[in-house]
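Reading through the structure tokens given below for one structure.
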Amino acid sequence: MSTASTGSDSDRVDGSETAASRNGALLEVRNLKKYFPVHRGTFIRRISGHVHAVDDVTFKVNPGETLGLVGESGCGKSTTGYSLMHIEEPTSGEVFFEGHDIVQLSVQERRSARRRMQMIFQDPYGSLNPRMTVGQIIEEPLIVHNLYESKADRLSRTQELLELVGLAPYHAARYPHEFSGGQRQRIATARALAVTPTFIVCDEPVSALDVSIQAQIINLLQDLQQDFGVAYLFIAHDLKVVRHISDRVAVMYLGKIVETTVSDELYDRPLHPYTRALLSAVPLPDPDLERKRERIILPGDVPSPINPPSGCNFHPRCPWAQERCSQELPQLETVAPGHEVACHFWKEIEDGGGVPPVSAAIHATSTTPTASPE
Amino acid sequence: MTQNAQSLLQIRDLAVEFSTDDGIVKAVNGVSYEVPAGHAIGIVGESGSGKSVSQLAVMRLIARPAGRITRGEVIFDGENLLEASESGMRRIRGNRISMIFQDPMNSLNPVYTVGRQIEESLRLHQGSSKDEAHARAIELLDLVGIPSPEDRVKDYPHQLSGGMQQRAMIAMAIACNPELLIADEPSTALDVTIQAQVIELLGELREKLNMSVILITHDLALVAGFCDEVAVMYAGYIVEQGPAREIFYNPQHPYTLGLLGSVPDLKSSRDEKLEAIPGVPPDMLALPPGCPYAERCSFARDECLTVVPELQEVGTAHTIRCIVDVKSGALR
């Protein structure tokens with residue numbers, strides 16, 4: 001997402017040969033917005049406002065890489081994934097996948113363009129049809145996209161996929177309820193892989209699983225990436241998991257990306273105050289370190305996305321916030337190759353050693369629950 | 001968790017079963033530990049490991065007739081709670097031992113104001129008058145860091161955010177200055193930054209009110225900074241327990257090692273593979289005769305499959321339920 005955020009209107013490219021294929025990105029998202037209307041009234045329904053779920057998000061995913069999208073509930077990370085997949089129609093913006101702007105395509109065209117884009121959902125209990133056998137579930141995308149001539153070919157492909165994700169061919173005859181959460185997530189992975197995708201949106205694929213099972217699925221996703229070169233958009237709230245699996249990480253807050261960086265720099269050099277706070281809030285399995293760690297405890301809750309704060313939408317909770325932050329929206333600026341941050345004062349904060357001013361600790365427990373500027 | 005005369009709570013050989021249509025689930029299988037006054041104990045385990053059920057048993061909140069406490073003792077301040085009368089328990093619950101739960105939205109009553117729910121326990125246990133209880137409720141909301149408590153006290157649970165609801169739950173739990181607070185995954189339903197707020201608050205209150213705390217969680221990292229002692233549960237057994245530093249810096253049970261290896265840390269390189277534990281936890285309806293972890297354990301031997309290992313002392317106050325020395329791979 002290095003160049004795309006500026007002047008996208010002027011260099012918009014029509015047709016299928018696009019900027020996306022020029023700079024080598026597999027997926028390029030520009031100025032994506034998704035607003036949900038909020039209705040009021042029982043008989044005469046009026047739109048009284050909008051939930052700014054995804055508010056002007058721009059990023060790209062290169063072939064074979066994993067981009068982690070991290071943030072707290074309601075920050076728009078899942079809606080971003082849904083908008084890419086057209087499960088939610090984006091309000092505006094462009095989504096270039098393998099050179100096609102899939103927002104502009106007809107339903108028919110989109111279906112074939114999206115064959116190589118798949119999704120794995122958070123809840124392995126809700127995302128598999130309980131009335132279909134595992135075999136049917138994995139076979140369905142092959143039928144939809146008409147990939148194999150004969151039933152026998154499809155069946156052998158199904159069995160191959162089951163083995164690929166660590167299940168056995170005989171599992172094909174069973175129903176989802178016969179499997180544990182981790183196994184179901186393997187089934188969902190097999191279904192996503194069936195059509196040889198180049199890109200998979202993984203929406204919190206491990207957060208419903210127990211710790212020991214999480215590690216199995218993370219390892220499986222990494223193995224599959226190595227073998228098939230598939231790219232992931234890995235959406236999760238667990239910073240440890242995201243950092244572990246991703247090449248690059250984008251941090252979202254209230255519908256906007258506030259920082260993007262390569263994974264190692266995220267830990268070594270977090271620049272946005274929110275990223276710093278997130279990192280410092282992650283508990284670590286180390287009693288001595290935990291006791292002496294400097295924690296940035298953010299005051300209050302995430303504000304309502306219906307009426308986001310003015311200027312930088314993080315300013316009501318930011319320990320470093322200044323006058324300017326409530327007036328002027330910071331743009332993403334490149335601070336190092338592959339590292340972008342949207343904060344007016346990232347430089348000053350970094351030079352100050354990243355320790356929040358004393359005032360932060362004082363108002364940590366005494367701000368309004370839904371901090372809104374009005 | 002050694003024998004300690006000042007222990008506030010001693011749990012000895014506690015076992016809980018549930019009858020289901022498919023058979024008997026042995027949820028807790030002989031758990032023993034102590035909570036010295038003023039200490040924080042962490043109980044860590046995955047879903048179904050019996051960590052919550054063992055605490056519900058302490059509070060005598062196991063749903064009957066399906067659930068039964070089949071053996072054991074729960075000695076709280078010299079009294080065996082398992083033999084206490086129902087009215088005796090009612091005097092203890094919410095008064096001397098309180099509990100907060102994972103999901104604040106479902107544990108608060110949606111049709112009463114937050115204030116009224118806090119006042120209830122004050123009026124019940126301490127015989128406070130309406131006005132006294134109301135004033136105390138406001139004080140408590142302030143103590144747990146809820147802004148403008150005079151207004152919030154009149155709010156219904158749905159008017160508060162998840163983090164604020166959990167604070168209100170905590171206010172309710174500490175209303176009667178309990179000696180022991182059992183926190184069952186208090187921050188799991190919350191976002192990372194809110195989780196940090198709640199855990200910080202619990203730590204502050206623990207010191208201020210000199211409470212003992214039992215923190216139940218699936219997140220090993222969460223107990224690292226918070227707890228003095230840690231017990232790791234698996235399939236209804238405590239497989240390892242000891243001082244927090246011992247558990248994290250010198251883990252001796254293969255399952256604890258596996259859990260620690262399953263969680264990526266913030267520095268690990270992307271190329272390092274996680275040391276995932278293979279397989280899945282055992283079916284609680286049909287626990288194997290031997291060590292419940294043997295099937296997934298890379299150190300397992302034939303003996304492990306037949307007999308449940310006895311607790312063994314491996315360090316000061318550090319015990320494990322395993323017959324293998326993980327450092328050498330030999331039998332202990």
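Going by the alpha-carbon gyration tensor, a ≥ b ≥ c the square roots of its eigenvalues, is region A:16-161 rounded (a/c under 1.5) or, if a/c is not under 1.5, prolate (a/b greater than b/c) versus oblate? Oblate, since a/c reaches 1.5 and b/c is not below a/b. Within the listed set B:45, B:88, B:162, the Gaussian network model of chain B (springs between alpha-carbon atoms below 10 Å) gives the highest mean-square fluctuation for B:88. Placing a pseudo-label 7 Å from each Cα along the Cα-to-Cβ vector at residue A:170 and residue A:46 gives an inter-label distance of 6.6 nm. Need the C-alpha centroid separation for region B:253-291 versus region B:79-103, integer Å. Rounded to whole Å, the Cα centres lie 34 Å apart.
Just to confirm a number: summing +1 for Lys and Arg and -1 for Asp and Glu over residues other than residue B:152 whose beta-carbon lies under 10 angstrom from that of residue B:152, what do you get?
On the way: positive: B:154, B:167; negative: B:142, B:150, B:151, B:155.
It works out to a net charge of -2.
How far is helix A:211-228 tilted off the main Cα axis of chain A, in degrees rounded to 10, range 0 to 90? Long axis of A:211-228 versus the principal axis of chain A: about 70 degrees. Between A:164, A:233, A:84, the residue with the greatest mean-square fluctuation in the GNM of chain A (Cα pairs under 10 Å linked by springs) is A:164. Kirkwood analysis of region B:106-223, using all unique Cα-Cα pairs, places the hydrodynamic radius at 14.5 Å. In this rough spin-label picture, where each label sits 7 Å from Cα along the Cβ direction, the residue B:75-residue B:22 distance is 3.8 nm. The tail of the calculated P(r) for region A:163-318, taken as Cα-Cα distances beyond 19 Å, holds 63 percent of the pairs. A simple spin-label model places pseudo-atoms 7 Å from Cα toward Cβ; at residue A:92 and residue B:302 they are separated by 7.5 nm. At full extension, residue B:188 and residue B:135 could sit 16.0 nm farther apart than now, given 0.36 nm per residue minus the alpha carbon distance.
Treating the angle as unsigned and between 0 and 90°, give the value, to the nearest 10°, between the Cα long axis of helix A:151-164 and the longest Cα principal axis of chain A. Once rounded, one gets 40 degrees. Close amide H pairs (under 5 Å, H built 1.01 Å from N) link residue B:29 with B:16, B:237, residues at least 5 positions away or on another chain.
Taking every alpha-carbon pair in region B:159-208 and binning the separations at 5 Å intervals from zero gives 5, 20, 35, 25, 12, 4, 0 percent. If the elastic network links every pair of Cα atoms under 10 Å, which of B:173, B:183, B:84 fluctuates the most in the Gaussian network model of chain B? For chain B, modelled as a Gaussian network with Cα springs under 10 Å, the answer is B:84. Taking the C-alpha atoms only, the angle from helix B:192-209 to the longest principal axis of chain B is near 70 degrees.
From the Cα trace of region B:1-157, what convex hull volume per residue do you get, rounded to a whole Å³?
It comes to 151 Å³ per residue, whole-number rounded.
With Cα atoms defining each centre, region B:164-210 and region A:66-99 are spaced 35 Å apart in the structure. Within chain B, the ratio Rg/Rh, alpha carbon atoms throughout and Rh by Kirkwood, equals 0.99. The Rg/Rh ratio of the protein assembly as shown, with both radii computed over alpha carbons and Rh defined as the Kirkwood radius, is 0.98.
In chain A, Rg over Rh equals 0.99, where Rg is the alpha-carbon radius of gyration and Rh the Kirkwood radius from pairwise Cα distances.
A short reminder: the numbers here are calculations on the coordinates, not readings from a lab. Here the structure is a predicted model, which is why all the values come from computation and not from measurement. Methodologically, a virtual Cβ is constructed for each residue, glycine included, from the backbone with ideal geometry; neighbour enumeration extends over all protein chains shown.
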